[in-house]
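Reviewing the structure listed below.
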Amino acid sequence: MPIRFRPLVPALLAAALPLGGCATLCGDADQAIHIQTVDANDRTVSGMRCHVSNAVSDYFGDSPMVDLRVRRSSSDLVVECRSRGQVAQATAVSRGHIDPAFAVASAVLPGGAAAFVIDRISGKSYTYPSWIRLQVGRSLVFDANDSVAGQPTRALQANNQP
């Protein structure tokens, strides 16, 4: 009696279907970020009262804020820190990241496009700069695409007055 092999494609597709929405199923809705305030000479200024917000949530704390858990969102993160008349402001640009394998899976797997849309709407596929270093007296812009693990994200733009 000959041995017949069933096609593996339907089984593989069924097994890979849950992976189509990787961020939806596996991703974290929150992201840990570090917020630091410095003076014009790059010396740490501790104890500034900070308000951090995006379209989803507001957060409050004193600088430095280490491993602050913020809700991921497509909206930018706005940070303002104040102390004794001093102000430091920043905008952290949110960026959507798509794993190339996920993009292919969402195009070919049933339900993949829906998972892609859910990830975008829920904000789970977005990220912020991981380390935001505000400078007193300036308004800075930081982009998630410029984040390097373990280092402050470089500022893209600086205005003299917040």
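The values are calculated or read from the model by the stated rules, or taken from the named source; none is laboratory data. Note that this is a predicted model, so its numbers are computed, not measured. Using ideal geometry, Cβ is built from the backbone for each residue, glycine included, and neighbour counts are taken over all protein chains shown.
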Sole residue being small (Gly, Ala, Ser), buried (at least 16 other Cβ atoms within 10 Å of the Cβ) and at pLDDT below 95, chosen from SER63, SER83, SER74
SER74
For the condition modelled with pLDDT of 50 or more, out of contact with any strand residue (DSSP E or B) (no Cβ under 6 Å at 6 or more places or on another chain) and of a type outside the set (Ser, Thr, Tyr), what is the one hit in ALA32, ALA40, ALA15?
ALA40
Please specify each residue of the range 30-59 satisfying the condition of being outside any strand (DSSP E or B), surrounded by fewer than 17 Cβ atoms within 10 Å (Cβ to Cβ) and in contact with a Lys or Arg (Cβ under 7 Å, 6 or more places away or on another chain).
VAL56, SER57
Report every pair of residues separated by at least 6 positions or lying on different chains whose Cβ atoms are under 6 Å apart, first residue within the range 66-83 and without any contact (Cβ under 8 Å) to a residue 24 or more places away in the chain, second of a type in the set (Gly, Ala, Ser) and surrounded by 18 or more Cβ atoms within 10 Å (Cβ to Cβ).
ASP76/SER94
Output the number of the condition that ARG49 fails; it satisfies all remaining conditions of (1) of a type outside the set (S, T, N, Q); (2) touching a strand residue (DSSP E or B) at 6+ places or on another chain (Cβ under 7 Å); (3) closer than 21 Å to ASP143 by Cβ.
(3)
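I'd like the full set of residues that are in a strand (DSSP E or B) and within 17 Å of VAL38 (Cβ to Cβ), limited to the range 69-86.
Pass one, the range 69-86, residues in a strand (DSSP E or B): 69-71, 77-83, 86.
Passing the criteria: VAL79, GLU80, CYS81, ARG82, SER83, GLN86.
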